[in-house]
Amino acid sequence: HADDPDLQLAITDFLQNREFEPEVRAALLRSLATITGGASGTEQIFLNALESDHFDVQQTALMALQRYPESEAVKGRVQAYALKSDSLPVFRNAVRVFSTVADTAAFDAFIGQIVRTDTSGHRAIFAIQEWINSGMAADRGVRQTEFYTSGTYDYPVRKTALQILIRHDHTPEDWKARAEKLLSEADPRIRFLVVRGLSGMSGLDPSEVIAPRIEDEYDARVYRAMRDVMSNP
């Protein structure tokens, strides 16, 4: 039905000329997204819906816009929607969609803007995670992530940063330097994640970093993790 202009026009007129409850309009938009299948020229329906006052309608429109990676208008509006969002979950959804429609240069610029403006780190670390997952800039993303392991940020941000590094940074020298710094952290949750990162790290003997510290470790869970890593390098 994506190439059936009569059907598209009928549904568009139906949406524009009638009043619906938000959940009904959202359902109709989902159906329209399936019918149009990203056909060129139909994106304006969803761009208009993105301006709705109703959350369900906005989110349905946002999801539909993933089907239009060739549209510059879609890229610009989705980016603007992400940047102006007050809600972290809404921001995350917008970033996911933007990562599917943006090219590498646009997504790189978007990441730079978020990093410069997000003082809490919650938005930045999520955007960086999507940046890495998209495959656009894994190495640069890993380097950027390191910044968010700092004690400047609260635990959820640091946890996400360390989880990203555990998955994507397999450089023994990096982990040795990271562990030497972060195993002195007051928060045992951070120390535990660092020990996890050392586990199974090829080219690094975890005992080099852990042995000088294990006897002073007061948290039982971290101590057990240290002992396990040392016994199963």
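Computed quantities for the displayed model
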{"read-out": "CD proxy at 222 nm, helix term only [per DSSP H run n ≥ 4: -39500 (n - 2.57); per residue of the chain; nearest 500]", "value": "-21500 deg cm²/dmol"}
{"read-out": "Karplus-derived HN-Hα couplings along the stretch 138-155 (A = 6.51, B = -1.76, C = 1.60, θ = phi - 60°), whole Hz, x at Gly and Pro", "value": "4, 5, 5, x, 5, 4, 5, 4, 3, 4, 8, 8, 5, x, 4, 9, 7, 4"}
{"read-out": "Close Lys-Lys pairs in the chain, where close means Cα under 29 Å and separation is 8 or more or interchain", "value": "4"}
{"read-out": "Estimated dipole of the stretch 132-233 in Debye, rounded to 20 [Cβ of Lys and Arg +1, of Asp and Glu -1, Cα centre]", "value": "340 debye"}
{"read-out": "Dipole-positive endmost among F20, F147, Q113 within the chain (Cβ charges, Cα centre)", "value": "F147"}
{"read-out": "Table column - 3J(HN,Hα) (Hz), the stretch 46-57, Karplus curve with 6.51, -1.76, 1.60, x for Gly and Pro", "value": "7, 5, 5, 5, 5, 8, 4, 7, 9, 4, 4, 5"}
{"read-out": "Overall form of the chain per C-alpha gyration tensor (a/c, 1.5; a/b vs b/c)", "value": "prolate"}
{"read-out": "In sequence order, calculated HN-Hα J values of the stretch 172-179 (Karplus, 6.51, -1.76, 1.60; Hz; x Gly/Pro)", "value": "x, 5, 5, 5, 5, 5, 5, 5"}
{"read-out": "Net charge, G203 excluded, C-beta distance under 10 Å - Lys, Arg +1, Asp, Glu -1", "value": "-1"}
{"read-out": "Sorted by Cβ density within 10 Å, fewest first, the residues V24, V157, V90, V195", "value": "V24, V90, V157, V195"}
{"read-out": "Overall form of the stretch 160-220 per C-alpha gyration tensor (a/c, 1.5; a/b vs b/c)", "value": "oblate"}
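Read-outs: derived from the displayed coordinates by stated rules, not from any lab. All of these numbers come straight from a predicted model, not from anything done at the bench. All Cβ positions, even for glycine, are placed from backbone atoms using ideal geometry, and neighbour counts span all protein chains on display.
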